[in-house]
Amino acid sequence: LTEDEDIQRMLRGSLFRKIKSRGIPRERLFRLQEDGATVCFEGGFRRARAQQSFSVMHIEGVREGHQSEGLRKYGATFPERHCFTLVFKGKRKNLDLAARGEEDARHWVQGLTKLMGRLQAMSQPEKLDQYPFWIHGVLQRADRNKDNKMSFREVKSMLRMINIDMDDVYAYKLFKECDRSGDERLEGRELEEFCRRLLRRPELEELFGHYSGEDHVLSAEELRDFLRDQGEDASLRQARAVIRTYELNEKARQQDLMMLDGFMMYLLSAAGDILNQEHTKVHQDMSQPLCHYFISSSHNTYLTRNQIGGTSSTEAYVRALMAGCRCVELDCWEGSDGEPVVYHGHTLTSKILFRDVIESIRDYAFKQSPYPVILSLENHCGLEQQATMAQHMKAILGDMLLTQPLEVQDPHDLPSPEQLKGKVLVKGKKLPELWHEPRGCTSLPDPEEEEGEEEEEEEEEKLQERSRRRVRGSPRAVVLGDHGVLAKDASQVAPELSAVVVYCQAVPFPGLAHALRHPRPCEMSSFSERKARKLIKEAG
């Protein structure tokens, strides 16, 4: 790839502005290192000269333009074609960048995409070939005073660079054990020993010792015995093939022998995974009714941290959908300027626009999976903003939004995930058909709150009741929504919102006996765990 035009530009380096919520972003030099896997850049103002870095291996995705919440909010002054976002695996925050020109942004987006693909396709031995160059670069960058020794502070910096989240006490224990000279610095062999200890897997060493015996070398016969004990139908030929693929020591490989490192390489590879690799793809029958499947679901999807004072973000929806989640939750409340918002009511969590959430769902619903996405609406809005919610879903989602039952579908069964590919379904309360005239009668027969939300709702109801009674000191005073109706009343449903609920109609549970006698496939009920346990105990 070194001859590639995009990679050459990355090796030379480019100036980017790091877009954040505060301050005027200054230009920093970003440069790909010779290892082809690490990008270095200058730190912020407080650490103006400190080099920071990230590994291409830790990037989950690259988004072009204003495709992140950060760039939409704070990068509007930069042309969209100059901007891109790096999304990292794990908890690391997105990196929003703006280039001087469109060309620089394009080279980096294309170059990073190529490098990610190359690294993903590498075999374990190929990755090991790269490891010395990569770790050498990391050590050089972590050695701040360039004395070829590593203080504990520099070791901690190194661990951060290679994405190892280790307890400080344990890290210092390893550090002291390797510091033979006792000068609070690691160098040469001491540092090598520290890196080896980081990678140790005592349980695998014990397993290897059990099968290899006193010589601590696995023969092809011993490896075959190990594979058979794992339930594999292994032959001597297959054992030799494993050795030739994963053994790192050339002399051992030539003699059909396997050392500890080779054994660990095999067990930590895809071939040694307990998960059948065929099952990393969809292998089940997806033509059964929707209710025959477990559905990967998310609770309070909008939150990035805790449920009391955490940040609400559209990025949380993106991450959930990219993790394969097929049911996301939207807690919808009255917002200012007629725009509904999503947040955890009666808490200090921040608010995001319902419209922005739907846009994120549109963009990422089917990138990871083609199967239907369910929007579970917890609705606390008045009629007018409910109608706005329906309008936003129709306008933004377009044909993705399911608004009518499928024509070829048997009304006695739910459609299958296969039939609903690429569709977004809304879960919520639905008015009876005769009430579906715009601005007509909108009150349902005072149903109970959905069982699955009852424990959370009880607390919210109590808080709201207290706030209502405080209005002008009168127990009769109520909080009105924009449309002059009670903002939180489960019996108030706008016809426009009711119309987009098709296969996931939320109803109070009528009891097992009634449900079995009068099955209604499109209706669904949620339970608290307490209620579910009670039903299992009484009528399991």
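The values are calculated or read from the model by the stated rules, or taken from the named source; none is laboratory data. For clarity, every value in this text was computed on a predicted model and none was experimentally measured. Counting neighbours? That spans all protein chains shown, and the Cβs are built from the backbone with ideal geometry, glycine included. The area values use the complete protein model at the heavy-atom level, side chains included, leaving out ligands, DNA and RNA. Shrake-Rupley method; radii C 1.70, N 1.55, O 1.52, S 1.80 Å.
For the reader, a short list of remarks on this structure follows.
- With all protein chains kept in place, the per residue accessible area of the stretch 117-250 amounts to 64 square angstrom at a probe of 1.4 angstrom.
- The stretch 342-351 - phi-based ³J(HN,Hα) in whole Hz, Karplus 6.51/-1.76/1.60, Gly and Pro as x: 10, 6, 8, x, 6, 10, 8, 5, 6, 10
- Only protein atoms count toward the accessible area here, which uses a 1.4 Å probe; on the chain, the carbon and sulfur part of that area reaches 50 percent.
- Only the Cβ atoms of Lys and Arg (+1) and of Asp and Glu (-1) were treated as charged; on that basis the dipole of the stretch 119-231 about its Cα centre amounts to roughly 680 debye.
- Restricting the stretch 293-339 to trypsin sites (Lys or Arg not before Pro) in coil, as DSSP defines it, with at most 16 other Cβ within 10 Å: ARG305
- Taking amide H as placed 1.01 Å from N in the peptide plane, the amide H of VAL493 sits under 5 Å from that of LEU444, each at least 5 places away or on another chain.
- In terms of Cα atoms, the Rg and Dmax of the stretch 5-121 work out to 13.2, 40 Å.
- Relative contact order computed over the stretch 208-277 (Cα-Cα under 8 Å; 6+ residues apart), in percent: 27
- Along its three principal directions, the equivalent ellipsoid of the stretch 180-324 from the Cα gyration tensor extends over semi-axes of 41, 29, 12 Å, largest first.
- Entry comment: accessible area of the stretch 1-114 is 55 Å² per residue, from protein heavy atoms only and a probe of 1.4 Å.
- Summarising the amide proton neighbourhood of ASN300: residues at separation of 5 or more, or on other chains, whose placed amide H is nearer than 5 Å comprise GLU329.
- With contacts taken as Cα pairs under 8 Å at a separation of at least 6 residues, the chain carries a relative contact order of 8 percent.
- Cut-off 12 Å between beta-carbons: net charge of the residues surrounding PRO372, Lys and Arg +1, Asp and Glu -1: +3
- Anchor LYS18: lysines whose Cα lies under 17 Å away (excluding residues fewer than 8 positions away in-chain): LYS73, LYS93
- Point-charge dipole on Cβ atoms (K/R +1, D/E -1) for the stretch 269-334, about Cα centre, debye to 20: 100
- Cα-based radius of gyration for the stretch 302-360, normalised by 2.2 N^0.38 Å, reads 1.07.
- For the chain, size of Cβ-based charge dipole, Lys and Arg +1, Asp and Glu -1, in debye: 2020
- Translational diffusion of the stretch 214-289, µm² s⁻¹ [Kirkwood Rh, Cα pairs; Stokes-Einstein; 20 °C; 1.002 mPa s]: 157
- Where both bridge residues fall in the chain, DSSP classifies roughly 65% of the beta bridges as antiparallel.
- Debye intensity ratio I(q)/I(0), log10, the chain, q values 0.12 Å⁻¹ (C-alpha model): -1.24
- LEU401 long-range amide H proximity, modeled H, under 5 Å: VAL424
- Nitroxide proxy distance, nm - points 7 Å out along Cα→Cβ at LEU204 and SER297: 3.8
- Karplus-derived HN-Hα couplings along the stretch 94-102 (A = 6.51, B = -1.76, C = 1.60, θ = phi - 60°), whole Hz, x at Gly and Pro: 4, 10, 9, 10, 10, 8, 5, x, 4
- Distance (nanometres) between label positions extended 7 Å along Cα→Cβ at THR311 and GLU60: 1.5
- Those residues of the stretch 174-203 whose amide nitrogen sits under 19 Å from the label point placed on ASP229, 7 Å along Cα→Cβ: 201-203
- As a ratio to 2.2 N^0.38 Å, the alpha-carbon radius of gyration for the stretch 290-423 is 1.07.
- Restricting the chymotrypsin sites (Phe, Trp or Tyr not before Pro) of the stretch 288-341 to loop positions (DSSP other than H, G, I, E, B) with no more than 11 neighbouring Cβ atoms within 10 Å leaves PHE294.
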